[in-house]
Amino acid sequence: MSTVKSPRAAHPTSATPKSPRTPGRLTSLGPVGLVLAGGVSVQFGGAMAVTLMPRAGAPGVVTLRLLAAAVVLLLACRPRLRGHSRADWGTVVAFGIAMGAMNGLFYEAVARIPLGPAVTLEVLGPLALSVLASRRAINALWAGLALAGVFLLGGGGGFSSLDPTGVAFALGAGAMWAAYIVFSARTGRRFPQADGLALAMAVAALLFLPIGIASAGTRLLNPTTVALGSAVALLSSVLPYTLELLALRRLPASTFAILMSLEPAIAATAGFLILGQALSLIEAAAIALVIAASIGAVRTQIGRTKTPALPVEGQ
């Protein structure tokens with residue numbers, strides 16, 4: 001369900017990606033600690049991206065993040081370009097488009113509304129996907145909890161302080177996150193290890209590059225901006241991908257998915273600590289309801305399939 005949200009490298013459950021060697025100190029955190037550290041990295045990376053937006057704008061930040069992450073993943077994975085069918089390339093291109101759109105929409109959202117509510121609204125996309133995939137009556141309860149959270153953010157008064165355009169961008173990012181999960185799984189079945197992920201990241205970066213150049217122009221070449229954009233890519237994509245990959249070797253997928261459902265709360269914490277974005281009681285209650293719905297939907301999906309698709313970060 002949650003973040004990757006929103007806008008981070010996917011972990012197709014059908015693939016076993018290569019990962020760089022990681023110091024023993026990281027693995028000593030334990031699998032739960034690794035997942036939580038990955039979530040903290042993603043959301044604090046998102047908060048850092050907000051501070052970078054005055055320098056390069058949302059499209060410029062997305063461009064820098066995607067380019068830096070693509071370079072790192074291509075160098076680490078060294079994907080094979082030959083021997084793939086047209087359908088394989090069509091799948092990886094669709095995955096890249098979903099990835100780029102998810103990131104672009106999410107960063108446009110956090111440029112307008114606080115990080116915590118933005119991630120909460122974005123989570124509704126994969127949550128809806130999980131509810132629809134399960135097709136069990138109990139999912140009416142999880143959908144109802146999620147709608148109650150949205151009501152609190154909206155009719156309960158939370159939306160009164162939120163830019164409606166930012167809300168629309170966050171919901172759009174959620175829809176793209178759901179598409180991202182679908183094409184992540186398909187790409188994982190067609191490409192070995194993390195090759196498909198690296199290629200999709202490159203596709204997303206190339207597709208977004210003209211938008212970033214048109215928006216930010218020569219500001220993208222500023223050394224400080226490039227350094228900060230690379231730091232955002234490291235925190236939001238490369239580091240959490242590595243930490244979560246290590247965790248998945250020792251942690252059941254079900255536990256991983258539930259821990260990932262906590263990311264709206266982590267995002268709200270990052271927004272408060274770095275950006276000074278305090279939540280009202282109504283917004284905090286809304287986030288809690290959406291987290292509860294996300295965890296419930298994950299557990300329902302686990303009970304039905306025993307091998308649930310992992311809810312990966314859209315940011």
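On the stretch given as segment 79-127, residues that are closer than 30 Å to LEU262 by Cβ and either among the basic types (Lys, Arg) or surrounded by fewer than 20 Cβ atoms within 10 Å (Cβ to Cβ) (or both) total 3. Assess whether LEU245 counts as being outside any loop (DSSP other than H, G, I, E, B) and at pLDDT 85 or above. Answer is no for this residue. With respect to SER294, is the statement that it is surrounded by 18 or more Cβ atoms within 10 Å (Cβ to Cβ), under 14 Å from the mean Cα position of the chain (by Cα), polar (S, T, N, Q) and modelled with pLDDT of 75 or more true? Here the answer is no, as SER294 does not meet what is asked. In segment 188-199, the residues that are at positive phi reach residues that are assigned to a helix (DSSP H, G or I) and surrounded by fewer than 24 Cβ atoms within 10 Å (Cβ to Cβ) with C-beta atoms within less than 8 angstrom, at least six apart or across chains, in these pairs: GLN193/CYS77. Taken together, the residues in segment 25-66 that are at pLDDT 90 or above and touching an Asp or Glu at 6+ places or on another chain (Cβ under 6 Å) amount to 1. Yes or no: segment 77-96 includes at least one residue that is in a helix (DSSP H, G or I), modelled with pLDDT of 90 or more, within 29 Å of PRO117 (Cβ to Cβ) and among the basic types (Lys, Arg). No, because not a single residue in segment 77-96 is in a helix (DSSP H, G or I), modelled with pLDDT of 90 or more, within 29 Å of PRO117 (Cβ to Cβ) and among the basic types (Lys, Arg).
Being hydrophobic (A, V, I, L, M, F, W, C), in contact with a Lys or Arg (Cβ under 8 Å, 6 or more places away or on another chain), under 20 Å from MET260 (Cβ atoms) and in a helix (DSSP H, G or I) is a condition met by at least one residue of segment 174-191.
The values are calculated or read from the model by the stated rules, or taken from the named source; none is laboratory data. Quantities reported herein were computed from a predicted structural model and do not represent experimental measurements. FYI the Cβ positions are ideal-geometry reconstructions off the backbone, even for glycines, and counts take in every protein chain you see.
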